[in-house]
Amino acid sequence: MKNFLSVGDVSNLDQLIETALDYKASPFKDRTLGKDKTMGMLFLNPSMRTRLSTQIAAKNLGMDSIVFNVGQDGWALEFEDEAIMSGTTVEHVKDAAPILGKYFDVLGIRTFPSLKNKEEDYSELYIKQFIKYSGIPVVSLESATLHPLQSLTDLITMREVYKEKRKPKVVLTWAPHVKALPQCVANSFSQWVNYWGGADFVITHPEDYDLSKQFTKGATIISDQDEALDGADFVYVKNWSTFDDYGKIYVNDPRWMLTQEKIKKTNNAKVMHCLPVRRNVELSDEILDSSNSVVTQQASNRVWAAQAVLSEILKG
Ligand code: CP
């Protein structure tokens, strides 16, 4: 594996899931793979799980990691080629990234979308500029449109939890939120589940909350949440802002919050969320605190997803 930006960088998804589960069973089996290597982790935006799980994964492989909170501590970066830098940006990625390429062996980047300019966000300019100018492998720690380490974790968790022979019914449901959030997690989950092909995949959301078809193609899309939840084995809860009229909140209808009452329509579904979660806005306490919730197991699996990806990168 050269870079890790999406499911398109994975040559054998089932094998990658198995590698992650092998690391879960035996975390230190490749403890010298990353010896004398260092991962730089650049955060233009906040993180808890991604940052810590990736650092633990690197450590398990014998690799050092250094975190740099660019958004907080670094010079404001410019990403546009040929920009006249007379505004607020101080350093061009063209100058910064090659230096990072000399300091580190692998570069992880977290860079959220602006939610103001759809074309720019969906071009993934920021992370692509780091690939172009750093000259070393780049791992997405969540980019403008996708969150691949989260999605790999999600598939690992479903593989771990689900023991039936038939395909599980997996429902991605929109949930209310107080802020306009990126589409990244929902886009990415849709992309990975569709590529995986191991589920009957349904997406449900209010009118005008359609995600980009490039990620949802292959899923059944239903606007009636009750109908979508019928017989579900997994319910993945996530808010996202509008895609077509980009980055807006059209509705915040609390009736879209997943509750225990709604779980009764499912096949005693396991409930997933990438976290952080707004309790009693996106998901009720009664669900998060019940045995239906697998969110802690899911978040703990972030380590094994990151370790599987870093091992592939280190093996080249
Ligand atoms: N799910 C996730 O990416 O969590 P963090 O934002 O805390 O890294």
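The values are calculated or read from the model by the stated rules, or taken from the named source; none is laboratory data. As the structure is a computational prediction, the values presented were derived from the model and not from experiment. FYI the Cβ positions are ideal-geometry reconstructions off the backbone, even for glycines, and counts take in every protein chain you see. The area values use the complete protein model at the heavy-atom level, side chains included, leaving out ligands, DNA and RNA. Shrake-Rupley method; radii C 1.70, N 1.55, O 1.52, S 1.80 Å.
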Subject >> Residues located in segment 169-195, provided they are surrounded by fewer than 19 Cβ atoms within 10 Å (Cβ to Cβ) and either away from the ligand (no atom under 15 Å from the Cβ) or assigned to a helix (DSSP H, G or I) (or both) >> reply: 176, 178, 180, 194, 195
Original post:
What number of residues in segment 150-168 are assigned to a helix (DSSP H, G or I) and open to solvent by 10 Å² or more (accessible area, probe 1.4 Å)?
Top reply: 3
Subject >> Hits in segment 282-299 (condition: within 15 Å of residue 52 (Cα to Cα) and free of Cβ contacts under 8 Å to residues at least 60 places away in the same chain) >> reply: 296
**OP:** Kindly indicate whether any position in segment 29-40 is touching a residue at least 40 places away in the same chain (Cβ under 8 Å), within 27 Å of residue 194 (Cα to Cα) and of a type in the set (Asp, Glu).
**Re:** no
Subject >> First in segment 46-62 and within 6 Å of the ligand (Cβ to nearest atom), second anywhere and part of a helix (DSSP H, G or I), Cβ under 6 Å, 6 or more apart >> reply: 49/299; 49/302
**OP:** Need at least 3 residues that are open to solvent by 70 Å² or more (accessible area, probe 1.4 Å) per element, so show me which helices (runs of 4 or more DSSP H) inside segment 1-99 make the cut, counting only ones lying wholly within it.
**Re:** 13-25, 49-60
**OP:** Among the residues of segment 251-276, write down those that are outside any loop (DSSP other than H, G, I, E, B) and open to solvent by less than 20 Å² (accessible area, probe 1.4 Å).
**Re:** 258, 263, 271, 272
Original post:
So residue 279 clears everything in (1) under 22 Å from the mean Cα position of the chain (by Cα); (2) open to solvent by less than 40 Å² (accessible area, probe 1.4 Å); (3) free of Cβ contacts under 8 Å to residues at least 24 places away in the same chain except one condition, right? Which one?
Top reply: (2)
Subject >> Verdict on residue 70 being under 29 Å from residue 190 (Cβ atoms), in contact with a strand residue (DSSP E or B) (Cβ under 6 Å, 6 or more places away or on another chain), of a type in the set (Val, Ile, Thr) and without any contact (Cβ under 8 Å) to a residue 60 or more places away in the chain >> reply: yes
Original post:
Is at least one residue of segment 194-216 in contact with a Pro (Cβ under 7 Å, 6 or more places away or on another chain), within 27 Å of residue 299 (Cα to Cα) and touching a residue at least 40 places away in the same chain (Cβ under 8 Å)?
Top reply: yes
**OP:** Out of the residues in segment 118-149 that are of a type in the set (Val, Ile, Thr) and under 20 Å from residue 98 (Cβ atoms), state the one that is surrounded by the most Cβ atoms within 10 Å (Cβ to Cβ).
**Re:** 138
